[in-house]
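Here is the structure we will look at.
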Amino acid sequence: MSALPVRLDRRSRDPLGAQLSAQVRDLVARGTLRRGDRLPSTRALAADLGVARSVAEQAYDQLTAEGWLTARRGAGTFVAAEAVPRPAPRPRRTEGQGGGLVRLSTGEPWIDPRHRAGWRRAWREVSAATPPRGYDDPCGLPELRVALAERLARTRGLVVDPDEVVVTAGTTAGFRDLLAVLPGGAVGVEDPGYRAAVATARAAGRAVVDLPAQARHDEASLRGLAGAYVTPAHQHPLGRVMPADDRLALLAASRATGAVVVEDDYDSELRYDVAPVPALAALGRDRVAYLGTASKSAPPGMRIGWLVPPPGVLDDVARHRAVVHDVGAWPTQRALLTLLRDGWLDAVLRTARRVYAERAARVAAVLAPHAVPAATSAGMYSTWLLPQDAALSAREAARRAGFDLPLLSELCRSAPETGVVVGFGGVSDAELDRALAAIGAGLGG
Ligand SMILES: Cc1ncc(COP(=O)(O)O)c(C=O)c1O
């Protein structure tokens, strides 16, 4: 393969120059090469292909004459034609329904633009740092694991050794690591619950058992399961904090049945009113696999999170990651290290908490006359219980105003809950106001 994806056949009766021009023409026509792309010099291309330079010159001359290429003196040869127009950037779109709606997403954080300087500083530092020469520790960058262990102790009451922290590409990536090493068997997931967890378990070949989200999970509910996926700090999407008695019962059930508790601790630091409740893993380190994520305090596109497996599973996870070569991207890990060290994540969370509290109050002002809050609000969404026909009216009104409002029923499998889940992290204040005005009108003013 040359610098261009072309291959010349010396046994063909077609001259090499004609073969080359036909293939380059095809690359432009199919959109592989696009207007403005620079082609290799005729000397470099000829050397790459092992042909005389005149072959490359002849092909470029031909395509220039046909209008596919253009030569700029002193700059080189460029693609002049645009066979396949570049797609225009699409507005934030909603899953599966097109139409350019802005989704009132339950998972998109709001990051104050004032934090941009710190973000840029972290990436500058990445560009100046030297990456490891080979494949690094599959469990993650050692300095980052130290910083994460320190943070888990400080913010989540979870005291762990840095060697017990595994850097992942986000919550579901960590869940996949666990699913790969847990014994066979179905996985329980809260219902209503996190759809990506359900899809991840199913994709790993596991049957999914519905665990009623507000119920206590005892020995009977965990029997036969390999794991139970829960969101104790802020049940997704009903919002309750798992009561202390239920936490103890779940750990006891896990000990009795062998099912590992998988704690998705996605937004625990975003309580507006009180300090976050300590992690369930802090109460039962031996039974709980803890999943944390940077996606609620940094752009989710960064794709980074952390997993603290129970001690009995840690070695298997490390071995699995080494075998499948699942090593986190070094630049992302290195950037997160700086963001943690500089207190950037904490600063983002502090400002976001204030903004979310204020936005949650605005949502409540519009919805409270019509709906029942599922729980006190925390994080970047609030859930409101409504009859399904009212929820559908609210959704339709939001849609007409350009917004996609998630329905609670979409997060249910067998649970009968209905209502709306208003995400307010990924929109501006003005967008939220427009969406709320529409939702309020849809619910009867
Ligand atoms: C319940 C829940 N868990 C975890 C996450 C974070 O996922 P990730 O770490 O893959 O970005 C989200 C994001 O929306 C979520 O809603």
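Would you confirm whether or not segment 199-219 contains a residue that is without any contact (Cβ under 8 Å) to a residue 12 or more places away in the chain and basic (Lys, Arg)?
Within segment 199-219, one or more residues are without any contact (Cβ under 8 Å) to a residue 12 or more places away in the chain and basic (Lys, Arg).
Out of curiosity, is residue 290 buried (at least 24 other Cβ atoms within 10 Å of the Cβ) and of a type in the set (Phe, Trp, Tyr)? Even if it seems obvious, please write down each step before you answer.
Numbers: buried (at least 24 other Cβ atoms within 10 Å of the Cβ): yes; of a type in the set (Phe, Trp, Tyr): yes.
Spelling it out, residue 290 is indeed buried (at least 24 other Cβ atoms within 10 Å of the Cβ) and of a type in the set (Phe, Trp, Tyr).
Just the residues that are buried (at least 24 other Cβ atoms within 10 Å of the Cβ) and away from the ligand (no atom under 16 Å from the Cβ), please, taken from segment 146-158.
The one that is buried (at least 24 other Cβ atoms within 10 Å of the Cβ) and away from the ligand (no atom under 16 Å from the Cβ): 158.
Output the residue which, of all residues in segment 69-92 that are within 30 Å of residue 339 (Cα to Cα) and away from the ligand (no atom under 16 Å from the Cβ), is modelled with the lowest pLDDT. Break it down into steps so the answer makes sense when it comes.
So the first thing to find is which residues in segment 69-92 are within 30 Å of residue 339 (Cα to Cα), and the list is 89-92.
Within this subset, residues satisfying the condition of being away from the ligand (no atom under 16 Å from the Cβ) are 89-91.
Details: 89: 63, 90: 62, 91: 58.
Checking each candidate, the answer is 91.
What residue, among those in segment 184-202 that are among the small types (Gly, Ala, Ser) and buried (at least 23 other Cβ atoms within 10 Å of the Cβ), is farthest from the ligand (Cβ to nearest atom)? Steps first, please.
Residues of segment 184-202 among the small types (Gly, Ala, Ser): 184-186, 188, 193, 196-197, 199, 201.
Next, only the ones that are buried (at least 23 other Cβ atoms within 10 Å of the Cβ) stay: 188, 193, 197, 201.
Details: 188: 15, 193: 8, 197: 7, 201: 13 Å.
Once the filter is applied, the top-ranked residue is 188.
Among all residue pairs at least 6 apart or on different chains, which show Cβ distances below 7 Å where the first residue, located in segment 44-70, is touching a residue at least 12 places away in the same chain (Cβ under 8 Å) and of a type in the set (Asp, Glu) and the second is assigned to a helix (DSSP H, G or I) and surrounded by 19 or more Cβ atoms within 10 Å (Cβ to Cβ)?
57/42
Yes/no matrix, rows are residues, columns are (1) under 20 Å from residue 434 (Cβ atoms); (2) in contact with a strand residue (DSSP E or B) (Cβ under 7 Å, 6 or more places away or on another chain); (3) in the same structural domain as residue 232 (by TED's automatic domain parsing); (4) modelled with pLDDT of 95 or more:
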position	(1), (2), (3), (4)
354	no, no, no, no
359	yes, no, no, yes
368	yes, no, no, yes
371	yes, yes, no, yes
379	no, no, no, no
394	yes, yes, no, yes
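Considering only residues that are among the aromatic types (Phe, Trp, Tyr) and either outside any loop (DSSP other than H, G, I, E, B) or surrounded by 14 or more Cβ atoms within 10 Å (Cβ to Cβ) (or both), which ones fall in segment 123-145? Reasoning before the result, please.
Filtering segment 123-145 for residues among the aromatic types (Phe, Trp, Tyr) gives 123, 135.
Correct list: 123 only.
Of the residues 375, 438, 391, 371, only one is out of contact with any helix residue (DSSP H, G or I) (no Cβ under 8 Å at 6 or more places or on another chain), aliphatic (A, V, I, L, M) and over 26 Å from residue 116 (Cα atoms); which? Can you show your working first?
Details: 438 fails: out of contact with any helix residue (DSSP H, G or I) (no Cβ under 8 Å at 6 or more places or on another chain); 391 fails: out of contact with any helix residue (DSSP H, G or I) (no Cβ under 8 Å at 6 or more places or on another chain); 371 fails: out of contact with any helix residue (DSSP H, G or I) (no Cβ under 8 Å at 6 or more places or on another chain).
Residue meeting the stated conditions: 375.
I'd like the full set of residues that are within 16 Å of the ligand (Cβ to nearest atom), in contact with a helix residue (DSSP H, G or I) (Cβ under 6 Å, 6 or more places away or on another chain) and in a loop (DSSP other than H, G, I, E, B), limited to segment 159-183.
Hit for segment 159-183 is 165, nothing else.
Go through segment 258-308 and report how many residues are away from the ligand (no atom under 12 Å from the Cβ), within 13 Å of residue 155 (Cβ to Cβ) and of a type in the set (Lys, Arg).
1
To keep it simple, each residue is scored yes or no on (1) over 27 Å from the mean Cα position of the chain (by Cα); (2) of a type in the set (Asp, Glu); (3) assigned to a helix (DSSP H, G or I).
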| site | (1), (2), (3) |
| --- | --- |
| 333 | no, no, yes |
| 338 | no, no, yes |
| 347 | no, no, yes |
| 359 | no, no, yes |
| 364 | yes, no, yes |
| 369 | yes, no, no |
| 384 | no, no, no |
| 394 | yes, no, yes |
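So which pairs qualify, if the first residue must be in segment 285-305 and free of Cβ contacts under 8 Å to residues at least 24 places away in the same chain, the second must be assigned to a loop (DSSP other than H, G, I, E, B) and within 11 Å of the ligand (Cβ to nearest atom), the Cβ gap must be under 6 Å, and the two must be at least 6 apart or on different chains?
Partner pairs satisfying both residue conditions: none exist.
Looking only at segment 404-445, filter to residues that are surrounded by fewer than 17 Cβ atoms within 10 Å (Cβ to Cβ), not polar (S, T, N, Q) and not in a helix (DSSP H, G or I); which one of those is modelled with the lowest pLDDT?
Among those residues, the one meeting the criterion is 445.
Select from segment 340-369 the residues that are of a type in the set (Gly, Ala, Ser) and surrounded by fewer than 20 Cβ atoms within 10 Å (Cβ to Cβ) and list them in ascending order.
If the condition is that a residue be of a type in the set (Gly, Ala, Ser) and surrounded by fewer than 20 Cβ atoms within 10 Å (Cβ to Cβ), then 343, 347, 357, 361, 364, 365, 368 are the ones that fit.
Find the residue count for segment 27-44, including only residues that are hydrophobic (A, V, I, L, M, F, W, C) and outside any loop (DSSP other than H, G, I, E, B). Explain how you work it out, then say what you get.
Step one: filter segment 27-44 for residues hydrophobic (A, V, I, L, M, F, W, C), giving 27-29, 33, 39, 44.
If we keep only those that are outside any loop (DSSP other than H, G, I, E, B) too, we end up with 27-29, 44.
Residues flagged as hydrophobic (A, V, I, L, M, F, W, C) and outside any loop (DSSP other than H, G, I, E, B) within segment 27-44 amount to 4.
The values are calculated or read from the model by the stated rules, or taken from the named source; none is laboratory data. Everything numeric here is computed off the predicted structure, so don't read it as measured data. We place every Cβ from the backbone using ideal geometry, glycine too, and count neighbours over all the protein chains shown.
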